[in-house]
Amino acid sequence: MTSGPVLKVTDLSVTFRTEDGPLSAVDRVSLEVGDGEVLAVVGESGCGKSVTAMSLAGLLPRSATVDGSVQLDGVELIGADKRTLRSIRGREVAYIFQEPMTSLNPVFTVGRQIGEVLQVHIGLSRQAARRRAVELLKLVGIPSAERRVDDYPHQLSGGMRQRVMIAMAVACDPKVLIADEPTTALDVTIQAGILDVLRALRERLGTSVVLITHDLGVVADLADRVAVMYAGRVVETADVHELFARPQHPYTSGLLAASPSAGRHAGTHRLNEIPGLVPVLASQPDACTFADRCPQALDTCSAKQPALESGSHRVACWNPVRQPVEV
Amino acid sequence: MTEYALELENLVMHFGAVRAVDGVSLQIPKGSVVALVGESGSGKSTVGRCIVRLLEPTEGTVRLADADITHLNRRRLRPHRRDVSIVFQDPAGSLDPRLTVGDIVGEPLRLMRRRGDLPAEQRDISSAVAESLRRVGLRPEVAQRSPHELSGGQRQRVSIARALISSPRLLVADEPTSALDVSVQASVLNLLADLQRDLGFACLFITHDLSAVEYLADEVAVMYLGQLVEQGPRERIFGVPAHPYTQALLSAAPVPDPSTQRSRRPVLLGDDLPSAIDPPPGCRFHTRCPVAVERCKTEVPESRVIGEGGHRVACHLVNDDGTGPDVRDLPTATASLTDTTTPEPKSDGATEVTTARGAAR
């Protein structure tokens, strides 16, 4: 990872116009994803993680105002014209969404849908695209791919459908793969298989991955680096081992302690609670948005917004957790 | 002798050709928490609905403390309604949006009053509602609000307040925290644990998440395609799981700790879950089981006791003393043969996946 980041997001802000006035979903988020790196963006519902993901390749509806900069290998994507975006989506930036059934077209075979990507972006012939589709299905671990390529989405199980989505996403060997809750709709035994495929692909193809998830177990499994989001802002970012071992933001440490995990909570051990609710914000205040839920908030916290400190482990907090917490 | 809050005997629930539940026997001792664990389509929610008699079972018996309620009609069922309550997964869908929170929580008592079987100490419904709200950690003023004004976690607290207002002897909690965020999930789980300890009701906790129940349950029952494959005390199920499916479930859930998680090898079962319309012959798990033998394909395994505390398992390969294969010890290549290995020579395959994991560490 000596070269610069493949994807560089700087001060990205997203505001939605709604009937009840403006809604600030993402506030000056900066992220970097290195070559072949898996960056996990973690947070709970409404923290802005999916909106951040969608804004990267201009997938947000027109009610959204996007500011800031998203650079893919030096090419600016915010404000880029439709043609540029169209040539980038699916080819250089590819998405995997949570619900494969709604992302696949029910009236075409999976082979045709994977083939379409290749015909449009790489200009393969129909026969060549089909052959490549079979190879891709094998790559993502679908047994008897030669037969399955002619199946319609409804003939496949949920896990198989998600594998097809992954095959489609990596078809053009994208620079960045954005996986938005890729295993959330799946059962744990199926999820284990999908995580395995993602891990193998990442080793094999060297694709950079932005993994959007609320599941800290999935983060622990796949990520190299983690950005924790809360109420539209990145509150902490660090190497995955560092973050789990020494979380510095009170929200991160609270979230880690709140996650039930087999073998850790047997008997009378209570789960940690984070009191209060994630705020819904019209505009971002000049304060820490976590202050009113924070067990160690100071007066400064509700008066002035903390900035992300520089360094490899960055935290936006006036009173960070400095001791390693016991989890 | 143990007294039971609930006894299910060979419960069967078929919907036309779909054999959703196919012979489940389960007892919940008074005041204890039993977790019913399974993945989508295993029939666990159908079991819950049969217990509260939202469904009339096709066969078998549902016995609450002292009464057989399996086939009672609506009228004969009414006196037993107060003994068993249910909390659903999605509080937004299970609370009437046109009623206030107070109306919702007090409804069970109002229905009892109309029938004339409301006990004297609960005649004052509004104070009973306030007390029930207080117990679940909500302020009494919330009674005036509508469900849509509340957050997901608060709504789930309202569902729990309603379920507990009639002081049931049994609470069926059907994935009560699955729709909630991690931090909120923790507070609802803690609340249920506290209430259960204080009020002493028995609880059937239905979930797909094994990690959530280790902290709550006294006993665990694991369900696969309409049948129980293993059941027993919590420490036994987590410590010495005997059924290959239980072992796979335990290994599959990722642990929120990078070093631990990366040194684990999940057992990969393959994506194809058989259908409950045409379940596989013999052991229903044999099509996904990494250690299945010929016998598993033809002969249905009987559930038998293999250890203390009534630890039971339905698997041919487990010995009577509970010893047997552990699929977590298999090399990943064997476990995932049908799954990640492709016909391509040496360019793909599960062994490579294993090396990749090693390198990633």
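The values are calculated or read from the model by the stated rules, or taken from the named source; none is laboratory data. Nothing here was measured: the structure is a model prediction, and the numbers come from that model. Cβ atoms come from the backbone with ideal geometry, glycine included; neighbour counts cover every protein chain shown.
Odds and ends about this structure:
- Residue A:234 vs. criteria more than 24 Å from residue A:99 (Cβ to Cβ), within 14 Å of chain B (Cβ to nearest Cβ) and outside any helix (DSSP H, G or I): no
- Residues that are farther than 15 Å from residue A:251 by Cβ and either surrounded by 15 or more Cβ atoms within 10 Å (Cβ to Cβ) or not charged (D, E, K, R) (or both), drawn from segment A:314-324: A:323, A:324
- Candidates are the residues of segment A:201-214 that are touching a Ser or Thr at 6+ places or on another chain (Cβ under 8 Å) and within 13 Å of another protein chain (Cβ to nearest Cβ); the one that is farthest from residue B:182 (Cα to Cα) is A:201.
- Residues in segment A:116-134 include at least one that is within 30 Å of residue A:72 (Cβ to Cβ) and within 12 Å of chain B (Cβ to nearest Cβ).
- Residue count, segment B:197-215 (criterion: under 23 Å from residue B:135 (Cα atoms) and either crowded, with 22+ Cβ neighbours inside 10 Å or in contact with a Leu (Cβ under 6 Å, 6 or more places away or on another chain) (or both)): 9
- Of all the listed residues (A:190, A:178, A:212), the sole one being closer than 30 Å to residue B:274 by Cβ, touching a residue at least 24 places away in the same chain (Cβ under 8 Å) and buried (at least 24 other Cβ atoms within 10 Å of the Cβ) is A:190.
- Residue that is nearest to the chain's Cα centre (by Cα) [pool: residues in segment A:82-106 that are under 28 Å from residue A:71 (Cα atoms) and without any contact (Cβ under 8 Å) to a residue 60 or more places away in the chain]: A:89
- For segment B:149-180, taking the residues that are within 18 Å of the chain's Cα centre (by Cα) and acidic (Asp, Glu), the one that is farthest from residue B:126 (Cα to Cα) is identified as B:175.
- Output for segment B:245-272, where each listed residue is out of contact with any Ser or Thr (no Cβ under 8 Å at 6 or more places or on another chain) and of a type in the set (D, E, K, R): B:262
- Lone unmet requirement of (1) in a helix (DSSP H, G or I); (2) more than 7 Å from every other protein chain (Cβ to nearest Cβ); (3) more than 11 Å from the chain's Cα centre (by Cα) for residue A:217: (2)
- For the residues B:24, B:47, B:37, B:18, the requirement of being at pLDDT below 95 and within 28 Å of residue B:230 (Cβ to Cβ) singles out B:18.
- Of the criteria (1) crowded, with 20+ Cβ neighbours inside 10 Å; (2) out of contact with any helix residue (DSSP H, G or I) (no Cβ under 7 Å at 6 or more places or on another chain); (3) under 14 Å from residue A:93 (Cα atoms), which one residue A:57 fails: (2)
- The listed residue being among the polar types (S, T, N, Q), closer than 22 Å to residue B:82 by Cβ and touching a residue at least 24 places away in the same chain (Cβ under 8 Å), out of B:127, B:166: B:166
- Positions within segment A:126-148 being in a loop (DSSP other than H, G, I, E, B) and either of a type in the set (S, T, N, Q) or out of contact with any Ser or Thr (no Cβ under 7 Å at 6 or more places or on another chain) (or both), in sequence order: A:140, A:142, A:144
- The condition of being touching a strand residue (DSSP E or B) at 6+ places or on another chain (Cβ under 7 Å) and either more than 8 Å from chain B (Cβ to nearest Cβ) or basic (Lys, Arg) (or both) holds for only one of A:240, A:228, that being A:228.
- Selection status of residue B:290, more than 9 Å from chain A (Cβ to nearest Cβ) and within 17 Å of residue B:327 (Cα to Cα): yes
- Complete set of residues in segment A:220-231 that are assigned to a helix (DSSP H, G or I) and of a type in the set (Asp, Glu): A:221
- Scanning segment A:149-162 for residues that are farther than 24 Å from residue A:185 by Cα and in a helix (DSSP H, G or I) returns no hits.
- Checking each residue in segment B:125-160 for being in a loop (DSSP other than H, G, I, E, B) and buried (at least 21 other Cβ atoms within 10 Å of the Cβ) picks out B:136, B:138.
- When residue B:104 is tested against (1) at pLDDT below 95; (2) assigned to a helix (DSSP H, G or I); (3) within 20 Å of residue B:171 (Cβ to Cβ), just one condition goes unmet, and that condition is (1).
- Residue among A:271, A:277, A:298, A:281 that is buried (at least 16 other Cβ atoms within 10 Å of the Cβ) and either away from every other protein chain (no Cβ under 11 Å) or not in a loop (DSSP other than H, G, I, E, B) (or both): A:281
- Some residue of segment A:7-22 being among the hydroxyl-bearing types (Ser, Thr, Tyr), buried (at least 20 other Cβ atoms within 10 Å of the Cβ) and assigned to a strand (DSSP E or B): yes
- Hey, residue A:76 modelled with pLDDT of 90 or more and either touching a helix residue (DSSP H, G or I) at 6+ places or on another chain (Cβ under 8 Å) or buried (at least 19 other Cβ atoms within 10 Å of the Cβ) (or both) or not: no
- Boolean, residue B:273 is under 23 Å from residue A:141 (Cα atoms), touching a helix residue (DSSP H, G or I) at 6+ places or on another chain (Cβ under 7 Å) and buried (at least 21 other Cβ atoms within 10 Å of the Cβ): no
- Positions within segment A:30-67 being within 20 Å of residue A:175 (Cβ to Cβ) and either among the β-branched types (Val, Ile, Thr) or in a strand (DSSP E or B) (or both), in sequence order: A:30, A:31, A:32, A:33, A:38, A:39, A:40, A:41, A:52
- The condition (being part of a loop (DSSP other than H, G, I, E, B) and of a type in the set (Gly, Ala, Ser)) is satisfied by just one residue among A:179, A:185: A:185.
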